[in-house]
Every structure is written in C-alpha cells, then in structure tokens.
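Undergrad: Okay, handing you the structure first.
The values are calculated or read from the model by the stated rules, or taken from the named source; none is laboratory data. These figures come from a predicted structure and were not determined experimentally. Here Cβ is always computed from backbone atoms with ideal geometry, including for glycine, and neighbour counts include all displayed protein chains.
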C-alpha cells in the first residue's frame with residue numbers, strides 16, 4: 001500500500017515539475033534564431049562592431065543559417081545571373097578591393113557604364129537605406145535591383161533570373177533545403193543578403209586604439225583623429241561613437257560634388273516632376289535614372305522629391321576607405337588627399353549646398369595627418385582579403 | 001535552455017526588431033514610392049514650392065477662390081560685417097540674392113527688411129548696397145536699428161533715402177514705417193557713437209530704450225493714412241514687430257497700441273516685420289503680423305510672450321550655417337491680406353496662409369516642429 | 001521701601017513701559033529679527049554705524065540706527081544689551097565651524113565676480129578668441145537655448161555624450177572660429193558660471209533634447 005502511494009507521489013512529482021519543463025522546451029520548438037546566430041556567426045563579428053546591434057538587424061523573415069549563407073555566397077559570385085554571364089555581384093563589389101571595384105563608375109554587361117561609384121558591401125547591413133540615394137531600404141531589396149538594370153547585369157526581368165537559376169539542379173536542391181521551397185527572386189535576394197550580413201569590417205588599428213591600445217596608431221594619426229572631431233568638422237556627418245561606429249550619420253548631404261559638371265540641373269528637375277505627374281516615375285525608372293548621367297546628380301531628390309534633397313547623397317562610411325577609392329558618388333576624386341582638399345575649400349558652391357560645408361583652413365600638415373588617420377580605419381581581415389586571402 | 005538573464009534582453013531585442021520590421025513590411029518599395037510620390041503632389045498642391053532656383057510648378061492658390069494679385073520677395077536682417085572679418089554673412093546674403101533672381105516669374109519687387117549692416121559702418125552699408133545691386137527686380141529698402149544707431153541714420157539716408165515712406169502698388173497701399181527709434185539713453189552715459197551702436201546691437205542688455213515709432217512717426221502715419229480709403233488693403237513694413245512680444249530682447253514696439261489703433265479702422269492690414277529672425281505669426285483684431293527670416297542667424301523663441309498663432313520652426317542646428325535662415329516671398333491678395341512663404345534654406349519651405357490667420361488658426365495649419373524651443 | 005528702592009522701582013517700571021511701548025510699535029521685534037550676524041551687511045553700511053564686539057572676541061554686531069561716538073539713552077542701551085545677549089547666545093548655540101562670515105563674503109564676492117566675467121566674455125567675441133565677429137549672445141540672448149541643465153547629454157554636433165564645456169568649445173571653434181579653451185581655463189569656468197546662472201532654478205534634466 002505504501003509503495004503504491006510512493007509511486008503515485010513520484011508520478012505526481014514528475015507531472016508537477018518535469019512535464020512543464022518539457023513542454024516549455026517543446027513550445028520553444030525550433031532553436032532560437034538568436035541562439036543560432038550568436039553561436040555560429042557572432043564569433044566572426046570584428047572588434048568595434050556592436051554584436052547586439054548586428055543581431056538586432058537580422059530580419060525576422062530571413063534568419064541566418066550556414067547553408068543559406070553558403071548559398072548566398074555562391075550566388076554572389078555567380079556570373080550567370082547576368083545577361084551574358086560576365087557580371088556578378090562580385091564584379092563591382094570585389095572582396096579583394098574591399099568589396100568595391102576601384103573604378104570611377106562601375107561597368108556592367110558589355111562594358112556599359114552607369115554614373116555612380118560602387119559602395120562597399122562591408123557593414124552595409126547597418127545602413128538605414130541602401131544605395132547612394134537610399135532608394136532601397138533592405139539588403140534584400142537592393143540585391144534585386146542590379147539584376148535587371150540595363151547597365152549592370154541587364155537581365156530583362158526577375159522571372160528571367162529565376163528561370164536561369166532554376167536550370168541548375170544543384171541550386172534547386174539547395175533552395176529547397178534552405179527555404180523549403182522553389183527558387184524565387186525573393187529567396188535569391190534573401191540568400192545574397194544573408195551572405196552580405198557576414199561581410200563585416202572592424203578590427204582596425206583605430207578600433208584597437210579606441211579599445212585602449214594607445215600605441216595602435218601613429219602620432220600623426222592621433223592628431224588626425226583630433227582634427228576629425230574638431231577643426232576639420234568631419235565627425236558631425238561621419239558619425240562615430242560606440243553605439244554607431246560606422247563613420248556615417250546615414251543622412252543625405254549636398255557637398256557639391258558633380259555640380260560643376262552638371263549644367264542643365266533645372267531641366268532635369270522639371271523632367272522628373274513631369275514624370276511624377278504622369279505617373280511614370282516607377283521603382284524601376286528611378287533605379288535606371290540613378291545610373292544615368294545627369295539624372296544621377298539629382299541624388300536623394302529622385303527618391304523623395306523634396307527640395308532640400310536636391311543633389312544630396314548619403315554620407316559614405318570611412319571604414320577601409322584607404323582601399324575603396326576613387327571617391328564620392330561619381331568617383332570623381334581619386335585620392336584621399338583630393339577629398340580632404342575638396343572639403344577644405346568648402347566643397348562646390350551650388351544653390352543647395354549643405355549648410356555644414358564651409359572652408360576649413362587646414363594646413364598642409366593637418367591634411368596629411370587626416371590622411372594618416374583615415375588609413376587606420378582599414379580592417380585586418382579586409383587587408384588580408386586584399387592581399388589574396390580566400391573569402 | 002537559455003539563462004534567464006539573456007532571455008530578458010533577448011525578448012527586448014526581438015520586440016524592437018519586430019516593431020522595426022513591421023513598420024518596414026508595410027512599406028514595400030512600390031508603396032513607399034507611391035507615398036513619396038503623393039507627398040510630392042500634395043506638396044505642390046499646397047503651393048509649398050520654394051522660391052528657389054528650381055521652381056518646379058506654378059504657384060497653386062490658397063483655399064479661397066481668390067487669386068493673389070501679385071507677389072513680392074523679401075530679404076531681411078543680413079547683418080553684414082566687412083568681408084575680411086566675416087565671410088559667412090556675405091555669402092548668405094548673396095545666396096538670398098541668387099534665390100530671388102532665380103524666381104520665375106520675377107516678383108514685382110524685392111523688399112529689404114532692415115539690419116543690412118551689423119554695426120552700422122559705412123563699409124558694411126556699402127557692401128550691402130553692392131550686393132543688392134545684383135538683384136534684378138526693383139528694390140524697396142527699410143532701415144533697422146543696426147543700420148541706424150552709429151550715426152543716427154546719416155549714411156543710410158545718404159545711400160537709400162528716407163527712413164519712412166509709402167507707395168501704392170496694384171491697388172494696395174504700402175507703408176514703410178521707421179519703428180526702431182529709441183529715446184535717448186546715450187547722452188547721459190556719455191557714450192561714443194560706437195558704444196551706442198554696440199549697446200543697440202546687443203539684444204539682452206537692459207541699457208537701450210525700447211523701440212518705438214515715436215511721436216513724429218505717428219504724426220507722419222496719421223497724415224499718410226488720411227489719404228487712404230478704409231477699404232483699400234494696407235501692408236505695413238516695420239522692422240520692430242509693431243506689437244509687444246518680448247520686452248527684454250526688444251522684440252517690442254513701445255507705442256504699438258497707438259499705432260495699431262490708427263490701423264484698426266482699415267479693412268485689411270498686414271504687418272510684415274523683421275528683427276526677430278524666426279518664423280512668427282500673430283493677429284490682433286484685424287491686423288495680421290508676419291515675421292521675416294534673417295539670412296544671417298536664427299533666434300530662439302523667448303521664454304514667454306509667444307503669440308498663440310505662431311507655429312515655431314524646428315530648432316535649427318548650429319552646425320548647419322544655413323539652418324533657420326532664408327528669405328521668402330509674399331503673395332498679396334487683391335482684397336487684402338497675404339500668404340507668407342518662408343523659404344527656409346535647410347528645411348522644407350513653409351507657407352503661412354491668409355486662411356490660417358482669417359480662421360484664427362483653425363484652418364490651413366502649418367506643419368508643427370519636431371523640436372521646438374523650450 | 002526706601003527711597004533708593006523706590007528710585008530703582010520707578011526706573012524699572014519706566015524701562016518696562018518703554019519696552020512694552022516699543023514692542024507694540026514693533027521696533028524691538030524687528031531688532032530681534034534683524035539678528036545682525038546672519039544678516040548681510042547692507043551695501044553702503046559704513047563704520048558710521050555703531051559696531052560692538054562681543055565678549056567671545058570675534059563676533060561683532062552692528063546697531064543700525066546708532067552712531068559710533070554717540071551716547072545711548074538708557075532705553076536704547078537696554079535694547080542693545082538684550083541684542084548682545086541674544087547674539088552671543090546664538091553664537092554659542094551653534095557648532096563651531098571653521099567658516100566665518102568673512103569666508104561667506106569671499107565666496108559670494110568671488111561667485112559674483114566670476115559670473116560677471118562670464119557675462120563679459122559671453123558678449124565679447126574678441127575676448128573668447130573668436131575671429132568672425134560672432135559673440136555668444138548673438139545667438140543666445142540671456143543664454144537662452146543653451147540649456148545648461150541638460151548636460152551631460154548626447155550632443156548632436158559632437159556625436160557623443162558631452163558636457164556644457166565641450167559645447168562651449170564647439171561654439172568657440174565653429175561659429176566663432178577661435179581656438180578651443182582648456183577645460184579648466186578660468187575663462188571657461190567663467191562662461192560656465194554665467195550660463196548656468198542664467199538657468200538658475202531649472203531642474204536638472206540630463207539627456208533632454
């Protein structure tokens with residue numbers, strides 16, 4: 001009789017304590033995305049980049065998995081995604097060149113050129129919006145644009161891209177495994193975006209300096225950092241602090257680059273307004289105009305049509321800037337020194353010049369020190385990639 | 001199972017991320033563009049096109065089916081120093097000139113709202129005149145205290161004529177009132193002209209007298225108004241606000257009541273004033289008051305006395321030397337009153353309409369600032 | 001009762017009567033309130049007024065409407081005696097502090113001087129090392145829109161959490177195009193003293209934008 005009672009009590013104990021624990025585990029079902037992300041990818045987040053911010057910016061509908069990232073990587077390098085199989089993402093965003101292409105403006109299929117300089121993929125997941133004019137909000141969305149832009153990868157439609165990918169049985173299998181479904185343009189974009197989220201840049205001499213190693217950068221570079229924060233007025237737009245260490249405020253400013261060369265600004269603006277009224281200024285139209293000489297210079301205005309955005313472009317990141325020349329949205333400035341001299345003279349006067357731009361009165365030494373400072377922003381891994389290390 | 005501590009922060013991030021992406025989900029590219037495009041059209045329909053080099057669409061009219069009779073532009077409070085001391089104010093004034101020259105169609109005239117010079121120096125006034133000579137449209141000048149109190153208006157009058165005058169234009173009677181007279185505070189203190197000028201130039205010293213139109217000015221106004229029929233629209237240009245806004249900063253006209261009393265009997269009276277370097281709107285009985293922007297620097301709103309009808313502009317960022325500054329245009333209606341355009345250089349333009357004031361702030365309300373002065 | 005006793009008795013009565021009268025008229029009461037030690041010496045109070053040292057050797061009391069060298073009436077003398085007794089008792093009732101009234105005067109004087117200096121610098125672009133003719137008061141009349149009570153806060157121009165002094169330096173460097181001051185420069189301290197004084201009484205609100 002006592003034994004039975006004991007057994008009952010034992011069963012009761014199990015029910016009261018262990019079952020709930022079990023069911024909680026079950027309720028959590030799939031292992032937490034964060035757990036996955038943190039355990040596998042977190043260790044690759046370089047010094048200087050906040051890991052919690054990285055995790056926070058992974059979209060709910062595109063969690064990180066190793067297979068997805070590998071798939072995205074293959075797609076990223078796959079030239080078959082272009083019309084004549086000659087251009088892939090990596091063509092203009094080459095890991096050996098800090099994910100840019102060292103060209104003034106990028107060249108797509110059949111040597112066609114656009115009107116803008118390729119921005120880096122490194123840390124692009126932290127951008128509030130993508131492209132120089134912010135016309136795409138997410139990485140996923142950005143990845144879809146060059147595929148069908150006539151001067152980039154020149155595919156006629158997204159469906160054509162999907163069909164091409166579907167022809168490859170290996171891809172079809174992998175898509176099934178990763179997404180549990182067929183190849184779609186959205187899944188292609190998601191895979192590429194997931195890969196891009198692993199391409200980060202930090203671990204630079206400056207990051208070590210900020211972490212406390214006072215010998216990590218030279219004395220001239222230290223002076224350059226002081227100038228960056230002070231006399232040269234860089235920091236206010238090229239924002240850097242522990243919470244946002246990307247050297248950009250993610251806002252759009254007109255510093256006058258390209259204004260000298262553009263003679264028919266007013267006419268271009270009127271044309272755009274005409275398109276708005278007719279309803280012909282579609283997403284695709286904007287994407288193509290952005291890479292058309294002339295219209296490209298309208299900058300953020302193409303997207304927002306607000307007068308204060310005329311000729312305004314996104315503040316670029318400065319990480320790895322030593323390796324990502326030529327500079328500015330049109331690649332018109334070849335060296336870092338040229339860039340600083342451009343700002344030193346007060347940019348290029350034009351009716352919409354940002355009120356924060358003015359003559360800086362920097363001396364020769366100060367300009368050199370600033371250049372020395374900017375060189376300390378190159379990440380170690382990015383340097384190794386430039387030297388030929390495999391991705 | 002995850003440690004409890006992590007779980008909590010986990011939850012927080014999940015929530016934030018969910019909110020963030022929820023917002024984005026509802027704004028896919030196409031929708032985003034549609035919205036942006038519509039915003040552009042709405043912009044246009046509200047006539048919010050700046051008098052800027054890139055004039056996009058013809059001015060659309062206010063809510064009423066009245067059409068504005070004509071338009072004039074204004075540049076005000078340039079506060080020039082000589083170039084070698086301060087180039088920024090010079091460049092800012094030149095930008096204003098560029099703006100008004102680029103207006104298409106050209107305004108009927110360009111009005112200068114006072115404080116051309118910072119310290120009333122001959123060099124400063126002459127520099128100002130030189131820059132204004134680039135303006136294509138005809139110019140009408142008004143004096144400010146910074147122009148006057150070094151030599152009590154001698155150089156100003158030499159360069160620009162009388163400090164007080166009136167004219168008629170397309171059925172509207174314009175009065176340019178000298179409203180920055182001050183009772184003598186300098187003689188008993190044995191001040192030099194420059195000391196007097198520096199005192200007047202300072203906003204927060206309690207030494208200078210409050211501005212006034214003065215007895216003589218009131219007399220002149222009386223005589224001028226005697227010729228004006230009661231139903232003719234009147235626009236009064238005044239440097240000081242012609243009402244009592246904030247005494248410690250001389251945002252004030254001491255004899256405002258007396259002057260207003262002379263103006264009340266007229267059907268429509270609009271006062272356009274300078275001096276305050278900010279967006280400012282007021283209405284007293286049948287008089288509408290609009291402040292002009294400065295090209296040089298903006299002022300914060302004072303701790304008290306802000307007219308109820310004023311919608312503040314968003315707090316300017318001092319890093320941006322153009323923020324809070326600008327110029328503008330005024331659409332004058334045939335039946336009287338005006339729409340006031342603020343062409344704010346680093347912000348989207350704002351229009352304060354006749355409808356807004358006629359409805360005592362109930363209709364056509366200008367957009368609110370995100371960061372107001374406090 | 002002898003004659004002597006009577007004399008004293010009458011004098012006592014008279015004194016008492018005078019005392020009562022004065023109380024009624026509010027005069028003695030106000031003397032008591034005026035507690036000379038804790039009241040500031042009025043500006044322009046000169047040594048014309050009678051100043052009496054107390055027997056502790058350091059405290060002094062000033063009699064507002066008595067002149068040095070004048071003879072006091074008996075009633076007045078009685079009042080003065082009472083004042084002295086009270087003042088002495090008050091001093092004795094306090095803990096000993098190394099801070100004297102003179103110290104307090106020094107503090108106040110220094111505070112005023114530094115605030116005045118800050119006021120001067122605030123209105124003088126040359127004195128802060130500016131080169132563009134822009135002085136602080138031009139954009140910040142009465143130190144408006146400086147919001148001393150909100151520091152330290154994330155300063156959008158500096159892109160980091162900063163103090164009032166950091167922002168003062170930013171203004172010196174940017175609109176005024178001068179060289180930044182050392183954070184412990186007397187000029188910097190004076191400017192901070194003036195600016196915060198203008199915001200006296202405003203509750204602390206660090207981080208507010």
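Undergrad: Any chance you could count how many residues in region A:111-143 are over 14 Å from the mean Cα position of the chain (by Cα) and within 29 Å of residue A:254 (Cβ to Cβ)? Outline the logic, then answer.
TA: In the first step, residues of region A:111-143 are kept if they are over 14 Å from the mean Cα position of the chain (by Cα); the result is A:111-116.
With the extra rule that they be within 29 Å of residue A:254 (Cβ to Cβ), the set shrinks to A:112-116.
Residues meeting the conditions: 5.
Undergrad: Right, next: Inspect all residues belonging to region A:280-301 and state whether any of them is within 13 Å of chain B (Cβ to nearest Cβ), surrounded by fewer than 19 Cβ atoms within 10 Å (Cβ to Cβ) and assigned to a loop (DSSP other than H, G, I, E, B).
TA: Yes, the conditions are met somewhere in region A:280-301.
Undergrad: Please go through (1) closer than 26 Å to residue B:335 by Cβ; (2) surrounded by 15 or more Cβ atoms within 10 Å (Cβ to Cβ); (3) touching a strand residue (DSSP E or B) at 6+ places or on another chain (Cβ under 6 Å) for residue B:170 and return the number of the only condition it doesn't satisfy.
TA: (2)
Undergrad: Restricting the search to region B:106-121, which residues are out of contact with any strand residue (DSSP E or B) (no Cβ under 8 Å at 6 or more places or on another chain) and free of Cβ contacts under 8 Å to residues at least 60 places away in the same chain?
TA: Applying the first criterion (out of contact with any strand residue (DSSP E or B) (no Cβ under 8 Å at 6 or more places or on another chain)) to region B:106-121 yields B:106, B:114-115, B:119-121.
Within region B:106-121, B:106, B:121 meet the criteria.
Undergrad: A further question follows. Which members of region A:210-247 meet the condition of being away from chain C (no Cβ under 14 Å) and either surrounded by 19 or more Cβ atoms within 10 Å (Cβ to Cβ) or within 19 Å of residue B:319 (Cα to Cα) (or both)?
TA: Going through region A:210-247, the residues away from chain C (no Cβ under 14 Å) turn out to be A:211-224.
Within region A:210-247, A:217, A:221, A:224 meet the criteria.
Undergrad: Residues in region B:326-347: is at least one under 16 Å from the mean Cα position of the chain (by Cα), assigned to a helix (DSSP H, G or I) and more than 12 Å from chain A (Cβ to nearest Cβ)?
TA: There is no residue in region B:326-347 that is under 16 Å from the mean Cα position of the chain (by Cα), assigned to a helix (DSSP H, G or I) and more than 12 Å from chain A (Cβ to nearest Cβ).
Undergrad: Do any helices (runs of 4 or more DSSP H) entirely within region A:60-167 hold 1 or more residues that are closer than 28 Å to residue A:335 by Cα and touching a residue at least 24 places away in the same chain (Cβ under 8 Å), and if so, which? Show your work before the answer.
TA: Working: elements: A:66-77, A:89-92, A:139-148, A:158-166.
Answer list for region A:60-167: A:89-92, A:139-148.
Undergrad: Moving to a separate point now. Suppose the filter is more than 14 Å from chain A (Cβ to nearest Cβ), touching a strand residue (DSSP E or B) at 6+ places or on another chain (Cβ under 8 Å) and either in a loop (DSSP other than H, G, I, E, B) or under 26 Å from residue B:168 (Cα atoms) (or both); does residue B:312 pass it? Spell out how you get there, then give the answer.
TA: Details: more than 14 Å from chain A (Cβ to nearest Cβ): yes; touching a strand residue (DSSP E or B) at 6+ places or on another chain (Cβ under 8 Å): no; either in a loop (DSSP other than H, G, I, E, B) or under 26 Å from residue B:168 (Cα atoms) (or both): yes.
Criteria not met by residue B:312.
Undergrad: Separate question: Out of (1) within 14 Å of chain C (Cβ to nearest Cβ); (2) in a loop (DSSP other than H, G, I, E, B); (3) touching a residue at least 12 places away in the same chain (Cβ under 8 Å), what's the single condition that is false for residue B:185?
TA: Evaluating residue B:185 over (1) within 14 Å of chain C (Cβ to nearest Cβ); (2) in a loop (DSSP other than H, G, I, E, B); (3) touching a residue at least 12 places away in the same chain (Cβ under 8 Å) leaves (1) as the failure.
So that you can scan it fast, the table gives a plain yes or no per residue for (1) surrounded by 10 or more Cβ atoms within 10 Å (Cβ to Cβ); (2) at pLDDT 85 or above:
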| position | (1), (2) |
| --- | --- |
| C:1 | no, no |
| C:37 | yes, no |
| C:46 | no, no |
| C:68 | yes, no |
| C:76 | yes, yes |
| C:81 | yes, yes |
| C:90 | yes, yes |
| C:105 | yes, yes |
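Undergrad: Right, another one. Tell me, please, whether a residue that is surrounded by 19 or more Cβ atoms within 10 Å (Cβ to Cβ), over 32 Å from the mean Cα position of the chain (by Cα) and more than 8 Å from every other protein chain (Cβ to nearest Cβ) can be found in region C:135-154.
TA: Scanning region C:135-154, I find no residue that is surrounded by 19 or more Cβ atoms within 10 Å (Cβ to Cβ), over 32 Å from the mean Cα position of the chain (by Cα) and more than 8 Å from every other protein chain (Cβ to nearest Cβ), so the answer is no.
Undergrad: May I ask you to say which residue of A:55, A:107, A:129 is under 24 Å from residue A:323 (Cβ atoms), surrounded by fewer than 22 Cβ atoms within 10 Å (Cβ to Cβ) and within 14 Å of chain B (Cβ to nearest Cβ)? Please lay out each step first, then the result.
TA: Working: A:55 fails: under 24 Å from residue A:323 (Cβ atoms); A:107 fails: within 14 Å of chain B (Cβ to nearest Cβ).
Only one candidate passes the filter, namely A:129.
Undergrad: Among the candidates A:323, A:318, A:310, single out the residue that is at pLDDT 95 or above and within 14 Å of another protein chain (Cβ to nearest Cβ).
TA: On the way: A:323 fails: within 14 Å of another protein chain (Cβ to nearest Cβ); A:310 fails: at pLDDT 95 or above.
Being at pLDDT 95 or above and within 14 Å of another protein chain (Cβ to nearest Cβ) holds for just one of A:323, A:318, A:310, which is A:318.
Undergrad: Could you list, in sequence order, all residues of region B:216-260 that are within 14 Å of another protein chain (Cβ to nearest Cβ) and touching a helix residue (DSSP H, G or I) at 6+ places or on another chain (Cβ under 9 Å)? If you could, list the steps in order and put the result at the bottom.
TA: First, pick out the residues of region B:216-260 that are within 14 Å of another protein chain (Cβ to nearest Cβ): B:245-252.
Of everything in region B:216-260, those that are within 14 Å of another protein chain (Cβ to nearest Cβ) and touching a helix residue (DSSP H, G or I) at 6+ places or on another chain (Cβ under 9 Å) turn out to be B:248, B:249, B:250.
Undergrad: If you check residue A:48 against the conditions, is it at pLDDT 80 or above, surrounded by 15 or more Cβ atoms within 10 Å (Cβ to Cβ), touching a helix residue (DSSP H, G or I) at 6+ places or on another chain (Cβ under 6 Å) and not in a helix (DSSP H, G or I)?
TA: Values: at pLDDT 80 or above: yes; surrounded by 15 or more Cβ atoms within 10 Å (Cβ to Cβ): yes; touching a helix residue (DSSP H, G or I) at 6+ places or on another chain (Cβ under 6 Å): yes; not in a helix (DSSP H, G or I): yes.
Here the answer is yes, as residue A:48 does meet what is asked.
Undergrad: Only residues that are surrounded by fewer than 24 Cβ atoms within 10 Å (Cβ to Cβ) and closer than 28 Å to residue A:266 by Cβ: list them for region B:112-135, please.
TA: Residues satisfying the conditions are B:130, B:131, B:132, B:133, B:134, B:135.
Listed here are the residues, each with its yes/no results for (1) under 21 Å from residue B:256 (Cα atoms); (2) surrounded by 20 or more Cβ atoms within 10 Å (Cβ to Cβ); (3) without any contact (Cβ under 8 Å) to a residue 60 or more places away in the chain.
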residue	(1), (2), (3)
B:137	no, no, no
B:150	no, yes, yes
B:157	no, no, yes
B:163	yes, yes, yes
B:177	yes, yes, no
B:209	yes, no, yes
B:212	yes, yes, yes
B:222	yes, no, yes
B:242	yes, yes, no
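Undergrad: Being within 15 Å of the chain's Cα centre (by Cα) and over 30 Å from residue A:267 (Cβ atoms) is the filter here, so list the residues in region B:63-106 that pass it.
TA: B:76, B:77, B:78, B:79, listed by residue number.
Undergrad: Determine which single condition residue B:146 fails, assuming it passes every other condition in (1) touching a residue at least 60 places away in the same chain (Cβ under 8 Å); (2) part of a loop (DSSP other than H, G, I, E, B); (3) touching a helix residue (DSSP H, G or I) at 6+ places or on another chain (Cβ under 8 Å).
TA: Checking residue B:146 against (1) touching a residue at least 60 places away in the same chain (Cβ under 8 Å); (2) part of a loop (DSSP other than H, G, I, E, B); (3) touching a helix residue (DSSP H, G or I) at 6+ places or on another chain (Cβ under 8 Å), the one that fails is (2).
Undergrad: What do you reckon, is residue A:65 within 30 Å of residue A:113 (Cβ to Cβ) and surrounded by 16 or more Cβ atoms within 10 Å (Cβ to Cβ)?
TA: Working: within 30 Å of residue A:113 (Cβ to Cβ): no; surrounded by 16 or more Cβ atoms within 10 Å (Cβ to Cβ): yes.
Spelling it out, it is not the case that residue A:65 is within 30 Å of residue A:113 (Cβ to Cβ) and surrounded by 16 or more Cβ atoms within 10 Å (Cβ to Cβ).
Undergrad: If we keep just the residues of region B:274-298 that are in contact with a helix residue (DSSP H, G or I) (Cβ under 7 Å, 6 or more places away or on another chain) and under 15 Å from residue B:77 (Cα atoms), which is nearest to the other protein chains (Cβ to nearest Cβ)?
TA: In this case the residue turns out to be B:297.
Undergrad: Now a separate question. May I ask you to verify whether residue C:119 is closer than 26 Å to residue B:318 by Cβ, crowded, with 16+ Cβ neighbours inside 10 Å and under 23 Å from the mean Cα position of the chain (by Cα)?
TA: Details: closer than 26 Å to residue B:318 by Cβ: yes; crowded, with 16+ Cβ neighbours inside 10 Å: yes; under 23 Å from the mean Cα position of the chain (by Cα): yes.
So residue C:119 fits the description; yes.
Undergrad: Which one of B:336, B:305 is buried (at least 23 other Cβ atoms within 10 Å of the Cβ) and touching a residue at least 60 places away in the same chain (Cβ under 8 Å)?
TA: Testing whether each residue is buried (at least 23 other Cβ atoms within 10 Å of the Cβ) and touching a residue at least 60 places away in the same chain (Cβ under 8 Å) leaves just B:336.
Undergrad: Quickly run through region A:270-279 and pick out the residues that are at the interface with chain B (Cβ under 9 Å from one of its Cβ atoms), out of contact with any helix residue (DSSP H, G or I) (no Cβ under 7 Å at 6 or more places or on another chain) and under 17 Å from residue A:307 (Cβ atoms).
TA: Scanning region A:270-279 gives A:270, A:273, A:277.
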